[in-house]
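The values are calculated or read from the model by the stated rules, or taken from the named source; none is laboratory data. Computed from a prediction, not measured in an experiment: that's the story for all the values here. Using ideal geometry, Cβ is built from the backbone for each residue, glycine included, and neighbour counts are taken over all protein chains shown. When the accessible area is computed, the model is the full protein with side chains, heavy atoms only, and any ligands, DNA or RNA have been set aside. Shrake-Rupley method; radii C 1.70, N 1.55, O 1.52, S 1.80 Å.
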Amino acid sequence: MAKGRRIVVIGGSAAGPKAAARAKRLDQNAEVTIIQKAPELSMASCGYPYFVGGVFNERKQLLSTPYGEVRDPDFFLQTKGITARTETEVTAIDRERRLVRLRDLRSGQEEELPYDRLVIATGATARQPPIPGIELEGITTLQSMRDADLLRKIRDDKQITRAVVVGGGLIGIETCEALQLSGIDITVVEMLPQILMFLDWEMAKVLENHVRSKAANVLTDIGVAAFIGREGKLTAVKLSNGTELPCQLAVLAIGVTPNIGLASAAGLKIGVTGGIEVNEFLQTSDPDIYAVGDCIELTHRITGAKTRAPFGDLANLQGRVAGENIVLGNGAIFPGTIHTGICKVFDFAAGSTGLSESKAREAGYDDLVTVVNASLDKPEFMGAKLLISKMVAERQTGRILGVQCVGPGDVGKQIATAAMAILGKLTVQDLVNADLPYAPPFSLPIDHLIATAHLLENKLKGRLNGISSPEVKKRLERKADSWILDVRTAGEFEAMRIGIGETLIPLGELRDRLDELPADKDREIICYCKISLRGYEAQRLLEAHGWNNVRVLEGGVMAWPFGREK
Ligand SMILES: Cc1cc2nc3c(=O)[nH]c(=O)nc-3n(C[C@H](O)[C@H](O)[C@H](O)COP(=O)(O)OP(=O)(O)OC[C@H]3O[C@@H](n4cnc5c(N)ncnc54)[C@H](O)[C@@H]3O)c2cc1C
């Protein structure tokens, strides 16, 4: 075969190998080399928390193809025709001479490797804040295979009894679950007012309560002031209010910083968010150099703003696009992200796509309509599980801007469907009669997502007069004169109740007991049930009898994020 184009890929985890494999598939003549600093290749980093938590035990599974072959340099050479060099670091990019400088981390030997096209896929590094004591033994991150090995050993050794996870984002919460499953007493410390910032506050609180119910402690609105140790080993985490949490392990999970050192030293443009700037072909400011994965900056497909989205699915998709463009010329496009993501939170999942209400407001959308829907994912007789969703739309156009979903039900399906709706720029009206699959093992006749759109349609048309749980809480705090009505059955009320001064009148008795309601027809009445379907029926009934300020607590008791009496 004729000597082909020399392609060098820096980084051999997710985006890099994908770009390399795609390039080689499309151009068998290409000489493709992956340079990888870590000892492993193609690590399934998203699986680290489950290896640490003992969901599976064979380390090899993190590094293998679905048919069980470990993706090592031999595999890359034999199966893919790609040279992969591990424990080798690229120390510089010489754009003028079109070569990279390498250092073999085992021998220290240095060499130069020429390229015709270069792909930078150097990923990101876990942030390490300059907190006093951060160098103590017992403080780690969960970003690399090394970290996963260390935490797995901690699980297996069973010596550590208490740990603190610093940061309540996706990796922090997954790490919390993994360590809790290992029998370690866990506290998550989050500086912001909520965990999982991709969700709106009231959605995140539902999950926070769930994490607490699993015997893991969560502290929000508080930072870490120092790590305290004895003889070089961590003994406690000191919080900004002076409290000390004794522990032998702290895992830092406060986000990642893109690895842009090589790119910026080579004079490539860095974007406003700190990631490597690329165009829609994933080409950097040097036309011979492409960049993919966690190290780049992307465009948000709704707002058009620059953003970063360190997600494994996007890294792979970008690798595929860049791999094609480097061998066939710029034909494939990577349009950006709508920040679709999901994570497991003990028995619940948390997912989001598009903009949350707070992110939409930050982006300048101020005429929004939102709704919270709590309902089941399938019939009771098929083992129904709860889903709580929040849909955010533009009031004027009805365009759906975002959907968040939490709960023990099938969150993934909700978010995947919603992501397609958002990418297709669908409106609430489009979703109202969407044709989704139905059979009892899989969903209700009206799928939860469609039911959420129905609620939003009712709200847009002025039929449903919803009120969010934080708004109700504010009314309670300022001792507003609202009259609160729970329309569930007496049995349900006995088993679980919010306890905010509500009166119980079951929906079936409401018609006969209207005289028990406030005589003042202008007084605000807030009604609810378990999920607020009966609450909505109560609203319509009361309005028909002349009350003209009736609100429905969205999501009912199930989505109430604050403390309950019972
Ligand atoms: C614990 C955890 C859980 C996650 N869960 C999810 C999830 O559920 N869903 C999801 O979508 N995403 C998840 N992610 C994120 C996902 O893993 C990343 O987005 C993805 O790995 C990014 O791929 P990448 O190739 O850009 O970078 P990386 O995976 O970071 O790989 C970059 C590689 O480049 C190498 N490198 C860096 N500098 C050099 C150099 N100078 N020379 C040579 N090599 C170099 C490094 O050794 C590294 O292996 C998770 C991440 C972690 C850590």
Ignoring ligands, DNA and RNA, what accessible area per residue does segment 424-501 give at 1.4 Å, in Å²? 51 Å²
Mind checking which aspartates and glutamates have their Cα closer than 19 Å to the Cα of Lys425? Skip sequence neighbours fewer than 8 apart in that chain. Glu357, Asp366, Asp367, Glu394, Asp435, Glu457
Could you run the Karplus curve 6.51 cos²θ - 1.76 cosθ + 1.60 with θ = phi - 60° over segment 431-445 and give me ³J(HN,Hα) per residue in whole Hz, x for Gly and Pro? 7, 4, 10, 4, 9, 10, x, 9, 7, x, x, 10, 6, 8, x
Which order, highest average first, do 275-287, 505-517 follow once you tally other Cβ atoms within 10 Å for each residue and take the mean per peptide? 275-287, 505-517
For peptides 230-242, 404-416, sequence by mean Cβ density within 10 Å, most packed first: 404-416, 230-242
Near Lys566, which lysines are there with a Cα under 16 Å away, not counting those fewer than 8 places off in the same chain? Lys530
Putting +1 on Lys and Arg Cβ atoms and -1 on Asp and Glu Cβ atoms, find which of Gly424, Cys527, Ile500 reaches farthest to the positive end of the dipole of segment 395-543. Gly424
Under a point-charge model restricted to the Cβ atoms of Lys and Arg (+1) and Asp and Glu (-1), what is the dipole moment magnitude of segment 375-426 relative to its Cα centre, in debye to the nearest 20? 180 debye
So which aspartates and glutamates can Lys153 reach, going by Cα to Cα under 19 Å and dropping same-chain residues fewer than 8 places off? Glu40, Glu58, Glu137, Glu174, Glu177, Asp185
Hey, what D do you get for segment 291-366 in µm²/s if you plug the Kirkwood alpha-carbon radius into Stokes-Einstein at 37 °C and 0.692 mPa s? 235 µm²/s
Net +/- balance of residues flanking Val224 in space, Cβ distance below 14 Å, scoring K and R +1, D and E -1: -1
Listed pairs Lys269/Lys359; Lys18/Lys390; Lys18/Lys306; Lys214/Lys459 exceeding 29 Å between Cα atoms: Lys18/Lys390; Lys214/Lys459
Only Lys, Arg (+1) and Asp, Glu (-1) charged, at Cβ; the chain dipole about Cα centre in debye: 520 debye
Listed residue (Gly255, Ile160, Asn209) projecting farthest to the positive dipole end of the chain, Cβ model: Gly255
Taking the Cα centre of each part, how many Å lie between segment 385-464 and segment 76-106? 47 Å
Global form of segment 427-566, assessed from the alpha-carbon gyration tensor, a/c cut-off 1.5: prolate
Considering only the other residues whose Cβ falls under 10 Å of the Cβ of Ala322, what net charge follows from Lys and Arg at +1 and Asp and Glu at -1? +3
If you keep only loop residues by DSSP, which chymotrypsin sites (Phe, Trp or Tyr not before Pro) in segment 56-119 have at most 14 other Cβ atoms within 10 Å of their Cβ? Phe56, Tyr67
How much net charge surrounds Pro408 when only other residues with a Cβ under 10 Å from its Cβ are counted (Lys, Arg +1; Asp, Glu -1)? -2
Length gained when the stretch Lys3-Asp149 is fully extended (0.36 nm per residue, less Cα-Cα span): 48.5 nm
Under 1.5 on a/c is rounded, so check that first for the chain, then, if it is not, pick prolate when a/b is larger than b/c and oblate when it is not; a ≥ b ≥ c are the square roots of the alpha carbon gyration tensor eigenvalues. prolate
Just the Kirkwood number for segment 213-339, please: inverse of mean 1/r across all distinct Cα pairs, in Å, one decimal. 17.5 Å
On average, how much accessible surface per residue is there in segment 161-223, in Å², for a 1.4 Å probe, leaving out ligands, DNA and RNA? 32 Å²
Any residue on another chain or 5+ positions along whose placed amide H is under 5 Å from the amide H of Ile467 is listed here as Val552, Leu553, Glu554
What are the membrane-span-like helices in the chain by this rule: whole DSSP H runs, Cα extent along the axis at least 20 Å, mean Kyte-Doolittle hydropathy at least -1.0? 312-328
Please work out whether segment 93-200 counts as rounded, prolate or oblate from its C-alpha gyration tensor, where a ≥ b ≥ c are the square roots of the eigenvalues and a/c under 1.5 means rounded, while otherwise a/b larger than b/c means prolate and anything else oblate? prolate
Would you please name the chymotrypsin sites (Phe, Trp or Tyr not before Pro) within segment 344-422 that are DSSP coil residues with at most 15 other C-beta atoms within 10 Å of their C-beta? none
Note, segment 123-136: 3J(HN,Hα) by Karplus (6.51, -1.76, 1.60, θ = phi - 60°), whole Hz, Gly/Pro = x, goes x, 9, 10, 4, 5, 10, x, x, 8, x, x, 5, 7, 5
Per the helix-only model, the chain has a calculated mean residue ellipticity at 222 nm (DSSP H runs of ≥4, -39500 (n - 2.57) each, divided over all residues, rounded to the nearest 500) of -7500 deg cm²/dmol
Residue-wise HN-Hα coupling along segment 46-57, computed from phi with Karplus coefficients 6.51, -1.76, 1.60 (Hz; x: Gly, Pro): 5, x, 3, x, 7, 6, 4, x, x, 5, 9, 10
In segment 18-113, which trypsin sites (Lys or Arg not before Pro) fall in coil by DSSP and have 11 or fewer other Cβ atoms within 10 Å? Arg97, Arg106
Heavy-atom accessible area of the chain with neighbours in place, 1.4 angstrom probe: carbon+sulfur share in percent works out to 51 percent
Given the C-alpha centroids of segment 254-281 and segment 36-65, what is the distance between them in whole angstrom? 26 Å
